[in-house]
Amino acid sequence: MSELDRRDFLKLVGASAGAAAAVGCSDPVEKLIPYVVQPEEITPGIPVIYASTCRECPAGCGLHVRTREGRPVKLEGNPEHPVNQGTLCARGQSGIGRTYHPDRFAGPMRRGPGGELEPLAWDEALSLLAEKIQANPSGTYVLGGDVGPTAGSVVDRFVTATGAGGRVVYDPFAPEALRESTRALFGQARVPRFDLSDADLVVDFGSDFLDVGPAPTEHARQLAQARDVHNENGGVRLVHVGPRLSMTASNADEWIPAKPGSEGLVALAAAHVALRERGGDASALRSLGHVTPADAAARAGVDAATIERLGRALAAAKRPVALPPGVAGWSRRAVASAAAVLLLNHALGAVGRDVHLEREPAGRARASHREALRLVEAMNSGAVSVLIVHDADPLYSLPAASGFGKALEKVDFVVSTASMVDETAARADLILPDHTPLESWGDAEPRVGVRSLLQPTIRPLFDTRALADTLLDTGRAMGLGGQLPSGSFRTLLEQAWSGSDFRNALARGGEFRPQASGSAPVPSASAMLQVAEPMLEGEGDFALVAYPHSLLYDGRGANLPWLQEIPDPVTKVAWQSWVEVSQATADKMGLKAGDVLAVETSAGRVEVPVLPRGGIRDDVVAIAIGQGHSRGHYASLAGDGQPGETRGVSVLALLPSVTDESGGRAFLTARARVTKTGGFQRLPLLQSTDNKRKRMLGEALPLAVVKGEGHGDGHAGGHHGADLGPVYANEHAPIEAYDATADSHEDSPYRWGMSIDLDKCTGCSACVAACYLENNIPVVGEEGSVRARQMSWIRIERFVGEGYIEYVDAPERGRRPQPSNEVLGKTDVRNSPMLCQQCGAAPCEPVCPPIATYHNPEGLNGMIYNRCIGTRYCSNNCPYKVRRFNYFDYSQFNWPGLFNLMLNPDVTVRGQGVMEKCTFCVQRINAARQGAKDEGRPIGDGEVVTACQQACPSHAIGFGNLKDSGSAVSKLGDDKRGYHALHSLNTRSAITYLAKVTRDVES
Amino acid sequence: MVGASIALPEAGSAESAEAEHPNGDGPALVAGSICEAHELRALAAERPGTRIEIPPQYNKPYPSRSACRSHELAWDDSAPGPRQPIPFSHKHHAGEYEIPCQYCHSGTDRSQAAGVPSVETCMGCHGQLALDYDQEFEGIRILKEHWGHSYVNDNGTWKLQPRDESKAKPIQWVQVHRLPEHVQFRHNRHVKRGLDCNQCHGNLRQEAPVKVEDLDKLYLVPDTLWWKYGLPTQKLEMGWCIKCHRENEASQDCLTCHY
């Protein structure tokens, strides 16, 4: 406090050195600022949860927004919502950052004469826009993403009322080819919904449904459900057809590394085989062209026998489902490929059973790439004078070759409603910032029967306005009030929901009706589609595969720090772009990881560091979509102090502007020439080897062993009793069985423990995002990641096979990263979440000089931040490497802008020089303890849900009390697949991993 | 302790009058406010013969003399503790009127945070009190200004203007009892256990216990110059927490409070 001046201070120091210490650290004045009127539902200290809807992708997952004192602090899944059922992916969770982002526009802005943005008032801004529209109404266009049925109808009404040229709905990943294929085959354009829950064979023809499918959380849950080892036949088999070992392929039981774009050929050939086996009418198939297995094999670059086997397996399966190609596989022949897969489904009887051709929700805006290209043409011809861009960043996400950037120069007046800066907004003449989704009203209808609501969970932090209100007010400023609905968007939303119980819908997150199963239409044989190779443009030895980054999506995630910091689930690269080439190519060209390659196509050239891997075809190079932004605190290098410099490269700059048969967007369009530049860039690679060196990490067991029909050939036993026999082949030393429940105080009713089912873990990293956001974990940026200073408390380790103990390639010894163990056509990938094991005999504890880490009575390995002096001995002694050290005072610099408003107040923000780690979300344990203590009972099973467990889309993580024999985690601990990581070290881990099950695809 | 002498509002005149006319020969001492009237009556009772004059508009029981004194003392800068934006006295509210702590600090039994009452809570009572309070106390005027009212001073009379909700603003209290950020303290557990608030917010262990309800101005060590005043209340230190936890067989596990 300020009363103490220096002179007094020195006097006091003289008087008492001991007392001076207390005064020397006198705290700054802190204000207590209570409400003027405390809302009835808010009790300070108790979270209030609102139901809303995620807007990070079109899946439309339900949210539970956890707020504290009026601030959203975390996004969780809405358990009642049929799409995600309580889970949420990494992208959805990171969406909270948009509200507090340092790049947000504080209010409407106009581009001044000097090119700088200057603020202006809303009235002024809207009348300026009104004036520009009135000058040339037919030259006004609205371009943007799907904004939900009600807001979408307002946009449409605005376009009609003003006599604007049109509205173009734009979504770079809109499944146009799939919709077109249903129209061609069944006469009705629909986007089929694929249900994997009860399948016994899923063949993924390149959809990458776990990476960025139509609904990754839903599909991950369904796959996990179908894959349960207790199911008949030991769970579903997953076959992936595609050129690279994507995250989905990594989870497959079999990977058929077909050439990119040949998925349709393989599907068609397999369908012929399946029909031959099962018997059935193949006339519909013939309309797409008769493709024999041998023919397809030659054109797809795989064995004919493999396709035969696939066809027989499909014929033998009881409930097979085939998924059509995803973004990376959309070529000029995307419609035909999708049609081939749909016909395969039809031939197998899956259409109407697990493939639902439901009618699309009436309010769903259909994105059209063809219209977007027409708009570019119109812009180029000078016919567009006002372009209003909302909920999309077309300048980034349209292919550079489409000429959108040049065309934008010819538009007199560009308006952006982006709430934070992006490439398009940086070129806008007027910015009318929208609320962020957490501040907005709105609705979404991802499919029939699922009407989902958005409600504001925080008062808008800045002077922003909802898109619909902006348009309505502009229309009214033009004197068109009579032709526009009256009232604000909020009242329009209530009107749109007048047929439902609005309050109830707000409480539940929407209105969910069980879906009637679709009928099984008969395909017409007259479709004029030809399944064929993709016909790539340009010259070069390689096909260029541009695939969506599973975290950055179409680039919209690039400005959210957690999505940059969490490494790509497959390559483990963070914060950067990389080009994947096969190990053979790398050897031929003399490439090592990080060598900069020039990748050149007919449309452009980029320089990007290389990452050789085994899991990609030799004739393919692949670059992820999502990086290469020149704007944004995190998306570009602006946060690193270099505004305008791009972070990584955008592969979209390499793609020619090519469409599929129906005018939908194609991504698989180019051949690439690859040359070595001689440069080197160290990649922020978070895992430098996928060799597990036969250690007890990321275990896998054959199904036959799990089912008790056979044994592995090893010598060591699983820890849960000798009666199971030696199922693990690879432990170095004999293992002593131990009782984990002995590792807490005998008076304590608890020993907290976790189970992680590697058979369900897909590696999607939702748990990592949950941990970051729950526990206020700082992000360290690209340089920090290069220096391996990442702070994540949980990471997904990715191992390929059992690995080898010695370095086989002596010349490679010491060089990091080590070559990958991936082999073309083999999967055997084990994703193993690694977090603090809360060891009963923790190696970290005895070496800590100030006893800042200790074993608590409930079995947790406590980490007391205020006691830590930063010796880092604990981290040195931790065999799991799960302790993280604050090298910098991230608490001061890590949450720029308003990010500090979203810190979880229940978790201490750690300072510099302090070690930190997972403590099983002890804040959640202590929160659950309150209710239990009030009622005088022990904490029940399922009352404590850790953040990672809550987020996991496939429910791979279980948590509970090991001392409660009835708890789910205790029961799982007895599973035959159970093992402890690095068991031979006798750390008495509290986490039981359940080994991945390897299944053979039978035919 | 401190605060035995009170500086009345415009008390200079009364005091000088008292000095000039100790025996009450001269003109009567005239009260200029209700609070002054209380003091003059007390003076007259103490020194019989003192002539006092209390105009009828100041001859009222409320605001009480203790309210007047508390209002003064809560803003006594010579007393320990930070100056608050409003001279709120716990002694007056919790002590004399015996308003239970949780009447204003509601949610303390449910939530980890004790919570500070909203302006609305204050106005729940103060909105119904006579305007004499506004006239006498600057603190009340400040409170009502936070509620959205304003005042016009008409020749020394404060006239309350209608409320303008948009002008309402929260009161920015200065935090007195502050735990470091690495401590997670749960009020509800301690309240449910039946602890007296004074065990932490006062000091019941010394010979002359300090209780919040006895304090016009809240303070806590480490206060900047706490040794001037001895050790009246608790210092929120871990040894002190642990002592109580040990005596009461509460959890002494680090992770109970540090995470």
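The values are calculated or read from the model by the stated rules, or taken from the named source; none is laboratory data. Keep in mind the model is a prediction, meaning the values are calculated, not measured. No Cβ is skipped: glycine too gets one built from the backbone with ideal geometry, and neighbour counts run over all protein chains shown.
Of note:
- Hits in the stretch A:950-974 (condition: part of a helix (DSSP H, G or I) and either surrounded by fewer than 19 Cβ atoms within 10 Å (Cβ to Cβ) or of a type in the set (Phe, Trp, Tyr) (or both)): A:Ala968, A:Lys971
- Selection count, the stretch B:111-139, where residues are among the aliphatic types (A, V, I, L, M) and within 14 Å of chain A (Cβ to nearest Cβ): 5
- Every residue from the stretch A:322-373 that is closer than 26 Å to A:Val147 by Cβ and over 27 Å from the mean Cα position of the chain (by Cα): A:Arg359, A:Ala362, A:Arg370, A:Glu371, A:Leu373
- Qualifying positions in the stretch A:475-493 - assigned to a helix (DSSP H, G or I) and surrounded by 13 or more Cβ atoms within 10 Å (Cβ to Cβ): A:Gly475, A:Arg476, A:Ala477, A:Gly481, A:Gln483, A:Phe489, A:Arg490, A:Leu492, A:Leu493
- Identity of the residue in the stretch A:914-936, away from chain B (no Cβ under 11 Å) and assigned to a helix (DSSP H, G or I), that ends up surrounded by the most Cβ atoms within 10 Å (Cβ to Cβ): A:Ala928
- In the stretch A:851-899, the residues that are among the aromatic types (Phe, Trp, Tyr) and in contact with a Phe, Trp or Tyr (Cβ under 9 Å, 6 or more places away or on another chain): A:Tyr865, A:Trp895, A:Phe899
- 1 or more residues more than 30 Å from A:Asp198 (Cα to Cα) and of a type in the set (Asp, Glu): qualifying helices (runs of 4 or more DSSP H) within the stretch A:338-419: A:369-380, A:404-409
- Those residues of the stretch A:881-894 which are loosely packed, with under 15 Cβ neighbours inside 10 Å and within 10 Å of chain B (Cβ to nearest Cβ), in sequence order: none
- If you check B:Glu15, B:Glu72 for being charged (D, E, K, R), assigned to a helix (DSSP H, G or I) and modelled with pLDDT under 90, only one passes: B:Glu15.
- Considering only residues in the stretch A:388-407 that are among the aliphatic types (A, V, I, L, M) and closer than 22 Å to A:Ala635 by Cα, the one that is surrounded by the most Cβ atoms within 10 Å (Cβ to Cβ) turns out to be A:Ala392.
- Search result, residues across the stretch A:837-867 that are touching a Lys or Arg at 6+ places or on another chain (Cβ under 7 Å) and either away from every other protein chain (no Cβ under 14 Å) or within 27 Å of A:Tyr979 (Cα to Cα) (or both): A:Cys839, A:Gly840, A:Ala841, A:Cys844, A:Glu858, A:Gly859, A:Met863
- Positions within the stretch B:187-232 being at pLDDT 90 or above, facing another protein chain (nearest Cβ under 9 Å) and buried (at least 19 other Cβ atoms within 10 Å of the Cβ), in sequence order: B:His187, B:Asn188, B:Arg189
- Summed over the stretch B:95-115, the residues that are closer than 22 Å to B:Val183 by Cα and touching a His at 6+ places or on another chain (Cβ under 7 Å) give a count of 6.
- Filter result (closer than 18 Å to A:Arg55 by Cβ and in a strand (DSSP E or B)) within the stretch A:66-86: A:Arg66, A:Thr67, A:Pro72, A:Lys74, A:Leu75, A:Glu76, A:Gly77
- Meets criteria (out of contact with any Asp or Glu (no Cβ under 7 Å at 6 or more places or on another chain), free of Cβ contacts under 8 Å to residues at least 60 places away in the same chain and part of a strand (DSSP E or B)) for A:Val608: yes
Quick grid of which residues meet (1) over 18 Å from the mean Cα position of the chain (by Cα); (2) aliphatic (A, V, I, L, M); (3) surrounded by fewer than 20 Cβ atoms within 10 Å (Cβ to Cβ); (4) at pLDDT 90 or above:
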{"site": "B:Gly115", "(1), (2), (3), (4)": "no, no, no, no"}
{"site": "B:Val119", "(1), (2), (3), (4)": "no, yes, no, yes"}
{"site": "B:Leu129", "(1), (2), (3), (4)": "no, yes, yes, yes"}
{"site": "B:Leu143", "(1), (2), (3), (4)": "no, yes, no, yes"}
{"site": "B:Gly148", "(1), (2), (3), (4)": "yes, no, yes, yes"}
{"site": "B:Val152", "(1), (2), (3), (4)": "yes, yes, yes, yes"}
{"site": "B:Lys159", "(1), (2), (3), (4)": "yes, no, yes, yes"}
{"site": "B:Ile171", "(1), (2), (3), (4)": "no, yes, no, yes"}
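- Positions within the stretch B:241-256 being more than 13 Å from chain A (Cβ to nearest Cβ) and either touching a helix residue (DSSP H, G or I) at 6+ places or on another chain (Cβ under 6 Å) or part of a loop (DSSP other than H, G, I, E, B) (or both), in sequence order: B:Asn248
- Residues that are among the small types (Gly, Ala, Ser) and assigned to a helix (DSSP H, G or I), drawn from the stretch B:141-178: B:Ser166
- Residue check, A:Thr987 in contact with a strand residue (DSSP E or B) (Cβ under 6 Å, 6 or more places away or on another chain), touching a residue at least 40 places away in the same chain (Cβ under 8 Å) and not in a helix (DSSP H, G or I): no
- Taking the listed residues A:Gly911, A:Gly897, A:Gly870, the one that is at the interface with chain B (Cβ under 10 Å from one of its Cβ atoms), among the small types (Gly, Ala, Ser) and assigned to a loop (DSSP other than H, G, I, E, B) is A:Gly911, with no other qualifying.
- Restricting attention to the stretch A:79-115, the residues being within 26 Å of the chain's Cα centre (by Cα) and either closer than 15 Å to A:Cys952 by Cβ or of a type in the set (A, V, I, L, M, F, W, C) (or both) number 14.
- Close pairs from the stretch A:791-813: first under 17 Å from A:Gln837 (Cβ atoms) and in a strand (DSSP E or B), partner modelled with pLDDT of 55 or more and among the hydroxyl-bearing types (Ser, Thr, Tyr), Cβ under 6 Å, at least 6 apart: A:Ile796/A:Ser765; A:Glu797/A:Ser832
- A:Leu32 meets each of the listed conditions (1) away from every other protein chain (no Cβ under 14 Å); (2) in contact with a Phe, Trp or Tyr (Cβ under 6 Å, 6 or more places away or on another chain); (3) without any contact (Cβ under 8 Å) to a residue 12 or more places away in the chain apart from (1).
- Each residue in the stretch A:155-174 was checked for being surrounded by 24 or more Cβ atoms within 10 Å (Cβ to Cβ) and either among the polar types (S, T, N, Q) or assigned to a loop (DSSP other than H, G, I, E, B) (or both), and 2 pass.
- Count of residues meeting criterion [part of a loop (DSSP other than H, G, I, E, B) and within 19 Å of A:Ser197 (Cβ to Cβ)] in the stretch A:229-253: 8
- Filtering the stretch A:611-632 to residues that are more than 20 Å from the chain's Cα centre (by Cα) and in a loop (DSSP other than H, G, I, E, B) leaves A:Gly614, A:Gly615, A:Arg617, A:Asp618, A:Asp619, A:Ser630, A:Arg631.
- Residues that are part of a strand (DSSP E or B), under 30 Å from A:Glu80 (Cα atoms) and among the aromatic types (Phe, Trp, Tyr) do occur in the stretch A:185-200, at least one of them.
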